Amino acid sequence: MGKNTIVKDAIILFAITLISGLCLGFVYNMTKAPIEAAQEKAKQEAYQKVFADAASFQENEEIKTALASYTADGAEVTEVLEAVDGSGAVIGHVVAVTAKEGYGGDISITMGIDLAGTITGFEVLSMSETAGLGAKCTNDDFKGQFAGIQAPAEMVMNQDFDQISGATITSKAITKALNASVKFVSEVR
């Protein structure tokens, strides 16, 4: 192999890499907006499921500012919106929270809490838990047990709700996420 062959091969590899990078960038830019729109639509649908009485959901700058400095053990509250009825009155909050200690990684959930502190609903937005075990957190039987619970200051598995059998880690992660949500909303109410 001569010096010219190495330089020629390097130039060819550089050209291939450059073209591939440009193509990937182009595809990313084309798909970015539709993906974000689909994610936002899914989030709004989940918000409507967890707080069916709300006509819309809106940001509150004071809540957004308080959220920026809020920390919780094992969970991250990522968004809190006010649930508003048809007349514009605030009737509660919708909270998006990520449990950081799930068995398969992060578990993103959303829940609704009315002004009396009652959970109006619970939805799993995304998770990577074990099929047949932790993935049961998406089942209606599990999610349905939260609606109507007067949220205590700290929820306890098997006292306030039934854990998922065989999925203690997933259940604990969800407990931390619920507790972080309830705590934050009680502070901003």
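The values are calculated or read from the model by the stated rules, or taken from the named source; none is laboratory data. Just so you know, these numbers come straight off a predicted model, no measurement behind them. Don't worry about glycine lacking a Cβ; one is built from the backbone with ideal geometry, like all the others, and counts go over all protein chains shown. The protein model used for the area step is the full one, side chains on, heavy atoms only, and it has no ligands, DNA or RNA in it. Shrake-Rupley method; radii C 1.70, N 1.55, O 1.52, S 1.80 Å.
Output the residue which, of all residues in the range 25-55 that are of a type in the set (Lys, Arg) and at pLDDT 90 or above, is farthest from residue 90 (Cα to Cα).
The selected residue is 32.
Find all pairs meeting these conditions: Cβ atoms under 6 angstrom apart; at least six residues apart or on different chains; first residue within the range 112-124 and more than 13 Å from residue 90 (Cα to Cα) and assigned to a strand (DSSP E or B); second residue open to solvent by 30 Å² or more (accessible area, probe 1.4 Å) and modelled with pLDDT under 90.
118/150; 121/147; 124/138
Quick one: what pairs do we get from the range 83-94, first residue at negative phi and touching a residue at least 12 places away in the same chain (Cβ under 8 Å), second of a type in the set (Ser, Thr, Tyr) and open to solvent by 40 Å² or more (accessible area, probe 1.4 Å), C-beta under 6 Å, 6+ apart or different chains?
Taking only residues 6 or more apart or on different chains, the pairs are 84/56.
Consider residue 153 against the criteria (1) outside any loop (DSSP other than H, G, I, E, B); (2) open to solvent by 50 Å² or more (accessible area, probe 1.4 Å); (3) aliphatic (A, V, I, L, M): it satisfies all of them except one. Which criterion is unmet?
(1)
May I ask you to list the residues in the range 156-189 that are assigned to a helix (DSSP H, G or I) and either free of Cβ contacts under 8 Å to residues at least 40 places away in the same chain or more than 24 Å from residue 68 (Cα to Cα) (or both)?
Matches in the range 156-189: 168, 169, 170, 171, 172, 175.
Restricting to the range 128-150, name every residue that is in a loop (DSSP other than H, G, I, E, B), open to solvent by less than 60 Å² (accessible area, probe 1.4 Å) and in contact with a strand residue (DSSP E or B) (Cβ under 9 Å, 6 or more places away or on another chain).
Of everything in the range 128-150, those that are in a loop (DSSP other than H, G, I, E, B), open to solvent by less than 60 Å² (accessible area, probe 1.4 Å) and in contact with a strand residue (DSSP E or B) (Cβ under 9 Å, 6 or more places away or on another chain) turn out to be 129, 145, 146, 147, 148, 149.
Determine if the range 62-76 includes at least one residue that is at positive phi, open to solvent by less than 80 Å² (accessible area, probe 1.4 Å) and not polar (S, T, N, Q).
Yes; the residues of the range 62-76 include at least one that is at positive phi, open to solvent by less than 80 Å² (accessible area, probe 1.4 Å) and not polar (S, T, N, Q).
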